[in-house]
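Here the structure comes first, spelled out in structure tokens, and everything after it is commentary.
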Amino acid sequence: MNTKWIILSRKADKQAVKLSEKVTLQLRLLFMDLINNGPAATDWPNYTKLRGQKGDKRHCHLQKGKPTYVCCWEVIDKKRKIIEVYYVGTHEKAPY
């Protein structure tokens, strides 16, 4: 399943602006991977579907170390192939 649309929530958009250049590059690479290969980012570190949460939510690490940066997204519409990124930031503040 190729993804047609990646939407950033307002919160994620504001968070993305504050990222370092290196993490921003990783985020862009993740977006390209999601567009080309669909919402399962299996080649990314610590990729998992988030259990115990409403909806089809997933996450992966953008940068390991201290601090560790993560990206969280939800598959909004499988038919129309829409993903919404709802969090980009440190692992400590991630909403899971």
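Within the bounds of segment 76-83, is there any residue that is surrounded by fewer than 14 Cβ atoms within 10 Å (Cβ to Cβ), in a helix (DSSP H, G or I) and in contact with a Pro (Cβ under 9 Å, 6 or more places away or on another chain)?
No, that holds for no residue.
Give the residue that is farthest from the chain's Cα centre (by Cα), with candidates limited to residues of segment 84-96 that are farther than 12 Å from Leu27 by Cβ and part of a strand (DSSP E or B).
Once the filter is applied, the top-ranked residue is Thr90.
Each row is one residue, and each column tells you yes or no for (1) under 15 Å from Val88 (Cβ atoms); (2) part of a strand (DSSP E or B).
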residue	(1), (2)
Gln15	yes, no
Lys22	yes, no
Ile35	no, no
Thr42	no, no
Lys57	yes, yes
Pro67	yes, no
Glu74	yes, yes
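Please count how many residues of segment 44-54 are within 19 Å of Leu8 (Cα to Cα) and not in a loop (DSSP other than H, G, I, E, B).
1
Among the residues of segment 46-65, is there at least one that is surrounded by 12 or more Cβ atoms within 10 Å (Cβ to Cβ), more than 11 Å from the chain's Cα centre (by Cα), modelled with pLDDT under 90 and of a type in the set (Gly, Ala, Ser)?
Checked against the condition, which is being surrounded by 12 or more Cβ atoms within 10 Å (Cβ to Cβ), more than 11 Å from the chain's Cα centre (by Cα), modelled with pLDDT under 90 and of a type in the set (Gly, Ala, Ser), segment 46-65 yields no hits at all.
The values are calculated or read from the model by the stated rules, or taken from the named source; none is laboratory data. Quick caveat, the model's predicted, so the values are computed rather than measured. Every residue, glycine among them, receives a Cβ derived from its backbone with ideal geometry; neighbour counts consider all protein chains shown.
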